[in-house]
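Everything below concerns the one structure shown next.
The values are calculated or read from the model by the stated rules, or taken from the named source; none is laboratory data. Predicted, not measured: the structure shown is a model, and the values here were computed from it. Note that we place each Cβ from the backbone using ideal geometry, even for glycine, and neighbour counts take in every protein chain shown.
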Amino acid sequence: MLHDLNHLLNTKYPLIQGGMAWVASAELAAAVAEAGGLGLVAAGSMTPDLLRDEIRRTKRMTSRAFGVNIMLMNPFADQLAKVVVEENVPVVTTGAGSPGRYIEDWKKAGITVIPVVASVAYARRMENLGADAVIAEGTEAGGHIGELTTMVLIPQVADAVSIPVIAAGGVADGRGVAAARMLGASGVQVGTRFLASLECRIHDNYKQMVVKARDIDTLVTGRSGGHPVRTLKNSLARHLIEMEKRGASFEELEAVTIGSLRRAVQDGDLGEGSFMAGQSAGLVSCIEPAAVIIQTMFAQAEQLLGYSLCREVVR
Ligand SMILES: Cc1cc2nc3c(=O)[nH]c(=O)nc-3n(C[C@H](O)[C@H](O)[C@H](O)COP(=O)(O)O)c2cc1C
């Protein structure tokens, strides 16, 4: 069943900007919020103090609702879970693990809780734990991924749960939004498209790599250790694949990957950086303001669907 995500998220458009570690800063989250989507600040590997500062910075840039993404493998996850309550963050999305032990406190604080899932069983588990919605993410996505494609994951999750399903993985234009609705998703989460937004504060080399990428320019590393990650092809990604073929251990692989996303984001290190991006990079051909990306995406989606997805937001 399709739900009114704008009502749940207090947005104009049923769109969440993906929480992207090192990437999703106050500037991007505020720009997306101002444009009518739900912007997210990604806690990624932040300390609690850093996250608090970033939330306060975002609040200074927008009066609209925004959320926080917490990667549960962050060693500070317990403290980050408290920061979002103390700072009155309205929506929290979670990745890389179960938010089970935080849900009760978050719900008491009135937080809308939306875990990222990559399978039907996990979506059901999250619904039973009290999640308000799930983001079902297909393997096309950038960053840490599961195995199922968006095309098959979304309808199966939509059949299995009665909470809203948000589609992630491969959505970069209005066709993706319309398709996601057809598959049973009430809205979308978009990551890769926003890498090439004006307000995204990543190194220009990173943006140019996304813009220039073709359909076949991503690959998946880390499968051997059970933590697959989709990045753009470069020498680091090829080196990791070679190491995995040789049977390198998790520790050996980690020694090469540690700090590599930061090297891509901050230094634009074309050789040693990890340029996480999804297969939809092939659909991205220009850098535009987040507001233009969102307006273009939804104008196209609404034309294809023949109905409006937009709601006027009360500030
Ligand atoms: C550079 C990058 C970093 C990401 N970091 C996170 C993260 O910290 N937490 C998370 O839940 N998802 C993370 N993701 C996944 C996104 O939030 C989003 O679900 C995904 O990008 C959607 O698919 P798309 O890339 O095809 O748009 C990341 C994705 C990218 C591209």
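Screening the candidates A35, A24 for the property of being among the small types (G, A, S) and either closer than 27 Å to G273 by Cβ or modelled with pLDDT under 95 (or both) yields one hit, A24.
Condition check for T150 on (1) free of Cβ contacts under 8 Å to residues at least 40 places away in the same chain; (2) away from the ligand (no atom under 16 Å from the Cβ); (3) farther than 20 Å from H7 by Cβ: one failure, at (2). Touching an Asp or Glu at 6+ places or on another chain (Cβ under 6 Å), crowded, with 16+ Cβ neighbours inside 10 Å and in a loop (DSSP other than H, G, I, E, B): is that true of S274 in this structure? No. A21 - would you say it is more than 12 Å from the ligand (Cβ to nearest atom) and closer than 22 Å to K207 by Cβ? So A21 does not fit the description; no.
Within the set T221, T192, the sole residue that is within 30 Å of Y13 (Cα to Cα) and among the polar types (S, T, N, Q) turns out to be T192. Counting only residues that are away from the ligand (no atom under 11 Å from the Cβ), assigned to a loop (DSSP other than H, G, I, E, B) and not hydroxyl-bearing (S, T, Y), segment 24-48 holds 3 of them.
Would you confirm, using the coordinates I've provided, whether G259 is under 20 Å from the mean Cα position of the chain (by Cα) and under 17 Å from L219 (Cα atoms)? No: the conditions fail for G259.
Here A77 passes the criteria (1) away from the ligand (no atom under 15 Å from the Cβ); (2) farther than 19 Å from C200 by Cβ except the one numbered (1). Could you run through segment 84-99 and say how many residues are in a helix (DSSP H, G or I) and more than 16 Å from the ligand (Cβ to nearest atom)? The qualifying residues number 2. Exactly one residue out of V220, V210 is within 15 Å of the ligand (Cβ to nearest atom) and crowded, with 18+ Cβ neighbours inside 10 Å: that is V210. Of the residues making up segment 49-63, those that are among the charged types (D, E, K, R) and either at pLDDT below 95 or within 14 Å of the ligand (Cβ to nearest atom) (or both) number 1.
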